[in-house]
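Asker: Provided herewith is a single structure, encoded as C-alpha cells, for subsequent inquiry.
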Amino acid sequence: MRIFKTICTVALICGLAGGAIAKPKVVRKVKVTKDFIADEVKPNGEAKGYKFRMNMVVRNGIIEVCGVGIHTEARLREPIRQLMRGMALSMNGKVILRDFTFFAKAKSVRGLDSAVANCASTGAKLPKGKPDFSWSARRVTY
C-alpha cells in the first residue's frame, strides 16, 4: 500500500510539473495594420464578449503570433481569459503555441485598429510548401 501511495504521489508531481506550460513571452510589439484580422469571441447567446485583432508573421524564419484585444462584457472577462488560456495553434498536427492571454489590451473598441499588438514567438520554423494550421480550445463553462 505504501509503495502504491509513493508511486501515485510521484506520478501526480511529475504530471503537474510536466503539464504546466508557461505563458508565451512577448518578444516584440507592432502596430496593428490592415494585415491583421478582426474577430470576436462571443459565448453562445451573448451579445458581447471579446474583440481582437490578430496576425501571424514570419520573422527570421520563425512564426510569431501578434494580437491585441478588449473585453466588451465585464462579467465574461474571466471565462474568456480561461478560453484564451486553453487555446492552441497547431501546424501540420503539432501544437506550436498555447495560451493566447499574451495579447495586448486595447483602451477602446475604436482603438483596436490603431493599437499596438504584442507578439509571441512560436519557436517553429515556417516549413516549405503550404503548412496546415488549425486551432483548438478547451471547453469553458460559466
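Asker: With a cut-off of at most 12 other beta carbons within 10 Å, and DSSP calling the residue loop, which chymotrypsin sites (Phe, Trp or Tyr not before Pro) in the range 22-101 qualify? Please list them. Before the final figure, lay out each step's value.
Answerer: Numbers: sites: Phe36, Tyr50, Phe52, Phe100; in loops: Phe36, Phe100.
Nothing satisfies the criteria.
Asker: If each residue of separation counts as 0.36 nm, what is the full-extension length gain between Glu73 and Ser114 once their alpha-carbon separation is subtracted? Write down the numbers at each step before the final one.
Answerer: On the way: separation 41, 0.36 × 41 = 14.76 nm, distance 2.11 nm.
Taking 0.36 nm per residue and subtracting the Cα distance, the gain is 12.6 nm.
Asker: Between Met87 and residues 5 or more places away or on another chain, which pairs have amide H atoms under 5 Å apart, with H built 1.01 Å from N, and which residues are they?
Answerer: For Met87, the qualifying residues are Asp99, Phe100, Arg138.
Asker: Give the order of Val41, Val116 when sorted by the count of other beta carbons within 10 angstrom, beginning with the fewest.
Answerer: Values: Val41 20, Val116 12.
Fewest to most other Cβ atoms nearby, the residues stand as Val116, Val41.
Asker: Taking a ≥ b ≥ c as the square roots of the eigenvalues of the Cα gyration tensor of the range 22-136, is the shape rounded (a/c under 1.5), prolate (a/b larger than b/c) or oblate?
Answerer: On the way: a/c = 1.96, a/b = 1.45, b/c = 1.35.
Since a/c reaches 1.5 and a/b is larger than b/c, the shape of the range 22-136 is classed as prolate.
Asker: List the trypsin sites (Lys or Arg not before Pro) within the range 33-137 that fall in a DSSP loop (any state other than H, G, I, E or B) and whose Cβ has at most 16 other Cβ atoms within 10 Å. Write down the numbers at each step before the final one.
Answerer: Details: sites: Lys34, Lys48, Lys51, Arg53, Arg59, Arg75, Arg77, Arg81, Arg85, Lys94, Arg98, Lys105, Lys107, Arg110, Lys125, Lys128; in loops: Lys34, Lys48, Lys107, Lys128.
Taking the range 33-137 and a limit of 16 other Cβ atoms within 10 Å, the loop trypsin sites (Lys or Arg not before Pro) found are Lys34, Lys48, Lys107, Lys128.
Asker: Between Val57 and Arg81, what FRET efficiency comes out of the Förster formula 1/(1 + (r/R0)^6) with R0 = 22 Å and r the beta carbon distance, rounded to 0.05? List each step's numbers first, then the result.
Answerer: Numbers: r = 24 Å, r/R0 = 1.10.
E between Arg81 and Val57, to the nearest 0.05, is 0.35.
Quick note: the coordinates plus some simple rules give every number you see, no bench work behind them. Fair warning: this is a prediction, and the values are worked out from it, not measured in the lab. Note that each Cβ is placed from the backbone with ideal geometry, even for glycine, and that neighbours are counted across all protein chains shown.
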